[in-house]
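Please read the structure below before turning to the comments.
The values are calculated or read from the model by the stated rules, or taken from the named source; none is laboratory data. In this text the structure is predicted, and so the values were computed from the model without any measurement. In this analysis, Cβ positions are derived from the backbone assuming ideal geometry, glycine residues included, and neighbour counts consider all displayed protein chains.
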Amino acid sequence: MAREILTVAQMTAADRAAVADGTPIQVLMERAGEAVANAVRARYGRQPVVIWCGPGDNGGDGYVAARHLKRRGWPVVVEAAYSPTTEAARWAASRWKGEVRPLSSRPAPGHLYIDALFGAGLSRPLEAEVAELARTARAAALRIVAVDTPSGVHGDTGRAFGDVAFHAEMTVTFHRRKLAHVLSEGRGACGEVVVADIGLGPVGAADLFENDPELWLGRFPWPAFDAHKHSRGRLKVVSGEAWTTGAARLAARGGLRLGAGAVTVLSPPGALAVNAAHLEAVMLAPFESDADLAIAAEDADAVIIGPAAGVGEATARNLQALARTGAALIVDADALTSFRHDLEALFACLDRDDVLTPHPGEFERVFPGLLAKSPERITAAREAARRAGAVVLLKGPDTVVAAPDGRASVLLNGTPWLATAGSGDVLAGFIGGLIAQGMESFEAACAGAWIHAACGARHGPGLIAEDLPGLAPSVLTELHAKR
């Protein structure tokens, strides 16, 4: 089952539910602290450790971790920023029999530091000596392991409160990832995230998930034994004019690699020759007007429009014509920008089976001000999906996919090697290829984004967009073995 991503409030509720069901808070704290100690031991060799403990339950986890590390022979010192203020933290502190000293603003080099000052529930900027320590730690590049989240990082946005927060090499959190662990700013502060099971119950109804194969692999459209090309779906891609045809061909090849049985590039007459010179398994068909385009696409299961299609009235009319065919639409790039002055006309073309794939700049054109007004990208993408009545994939290192019904996922396997021209066109093709085969659009967008990132990571440095379709088969082979 795919892992849910929780807000701070949802995690607090899970803790309280466990206590209400009979698990004492001290037991949960003991499990959490031991999990921190185990994660440290698994990653690092034995060495001097300083644990910074705050006043609340996060600090309590730190005292427990100190005890477990010391029991294993690690040299451990606790530096207490404050006296414990919660019953559980006082209990944990009373069981720690090692050294406790005041928080030092001059940390010694060569030590490993565990940040158990404040967890994800912090609601104000770091102050006084803690803020000064955070600045010193950043300047000295200290090796830090954070408990729950690095102190000073907002658990629901991943952003720093005020002007400073701790940054960690590794963060140990409990039960499920929080938003700070998956959004790009928080991921930069958290480092490697280890999720420890401390025995909390099921999350219950949830609508935000890690974008992982467990979320969608059970509905992946593998071909049946008696499959033929027409049963595997018909994908069509709208080409731009002769000098801007490459993006459509990238999308078409991406769709073909993801399994669409019959893929066709729909081309303006002036671009037929250049497209024909570059296409092999992908078919080619002409159109001169939006009416012609609708006829050419009338048997399509999915149509991609936007990659280098040209910004303007002609592309807008083409999208409106395609909307009347009943095919699922993957709307990207120029097709989005073509409606920047008439957003209602765009939304009128869409339904829940369609997918919009904007990068942040295109998102701003179609949903002006929404990113800036939202606390984080997930909220913005969800509101965009609600307004559009379609699936929205907001690109980025933490790509968010949101459906009109409120479901959302966040990509965790993103890679910077995908930051290259044409990469997004292949992504549109991956998604279109899956939808053409009958995969539900939200899940297809999630799967396409994950496979796209896996391909990028597999290639690594030197990646160009043309490489991506050819990397898909090895990723698909591994997924097929896990089905």
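Annotations for the structure displayed:
Conditions (1) more than 19 Å from ILE305 (Cα to Cα); (2) in contact (Cβ under 8 Å) with a residue 12 or more places away in the chain, marked per residue:
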position	(1), (2)
THR379	yes, no
ARG382	yes, yes
GLY406	yes, yes
ALA449	no, yes
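- Filtered residues of the range 315-348 (kept if outside any helix (DSSP H, G or I) and either at pLDDT below 95 or over 23 Å from GLY424 (Cα atoms) (or both)): ARG324, THR325, GLY326, HIS341, ASP342
- ALA308 being in contact (Cβ under 8 Å) with a residue 60 or more places away in the chain and either surrounded by 15 or more Cβ atoms within 10 Å (Cβ to Cβ) or assigned to a helix (DSSP H, G or I) (or both): yes
This table checks each residue for (1) modelled with pLDDT of 95 or more; (2) of a type outside the set (Ser, Thr, Tyr); (3) within 16 Å of the chain's Cα centre (by Cα); (4) buried (at least 24 other Cβ atoms within 10 Å of the Cβ).
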site: ALA168; (1), (2), (3), (4): yes, yes, no, yes
site: THR171; (1), (2), (3), (4): yes, no, no, yes
site: LYS178; (1), (2), (3), (4): yes, yes, yes, yes
site: HIS181; (1), (2), (3), (4): yes, yes, yes, yes
site: GLU192; (1), (2), (3), (4): yes, yes, yes, no
site: ALA196; (1), (2), (3), (4): yes, yes, no, no
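- Taken together, GLY438, GLY456 contain a single residue that is in a helix (DSSP H, G or I), in contact (Cβ under 8 Å) with a residue 24 or more places away in the chain and farther than 24 Å from ALA205 by Cα, which is GLY456.
- Taking every residue in the range 463-483 that is under 15 Å from LEU258 (Cα atoms) and pairing it with any residue that is surrounded by fewer than 20 Cβ atoms within 10 Å (Cβ to Cβ) and of a type in the set (D, E, K, R), at least 6 positions away or on another chain, the pairs with Cβ-Cβ distances below 6 Å are LEU471/ARG458.
- Total residues in the range 389-400, condition out of contact with any His (no Cβ under 8 Å at 6 or more places or on another chain) and surrounded by fewer than 24 Cβ atoms within 10 Å (Cβ to Cβ): 3
- Some residue of the range 35-49 being in contact with a Gly (Cβ under 7 Å, 6 or more places away or on another chain), modelled with pLDDT of 95 or more and either among the aromatic types (Phe, Trp, Tyr) or surrounded by 22 or more Cβ atoms within 10 Å (Cβ to Cβ) (or both): no
Residues are listed down the side, and each one gets a yes or a no for (1) buried (at least 24 other Cβ atoms within 10 Å of the Cβ); (2) over 27 Å from the mean Cα position of the chain (by Cα); (3) not small (Gly, Ala, Ser):
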| position | (1), (2), (3) |
| --- | --- |
| PHE118 | yes, no, yes |
| GLY121 | no, no, no |
| ARG124 | no, no, yes |
| GLU127 | no, yes, yes |
| VAL130 | no, yes, yes |
| ARG135 | no, yes, yes |
| THR149 | yes, no, yes |
| VAL153 | yes, no, yes |
| ALA160 | no, no, no |
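- Subset tally (residues that are within 22 Å of THR86 (Cβ to Cβ), touching a Pro at 6+ places or on another chain (Cβ under 9 Å) and surrounded by fewer than 23 Cβ atoms within 10 Å (Cβ to Cβ)) for the range 51-74: 2
- Residues satisfying the stated conditions in the range 183-208, i.e. over 18 Å from THR12 (Cα atoms) and touching a strand residue (DSSP E or B) at 6+ places or on another chain (Cβ under 9 Å): LEU183, GLU185, GLY186, ARG187, ALA189, CYS190, GLY191, GLU192, VAL193, VAL194
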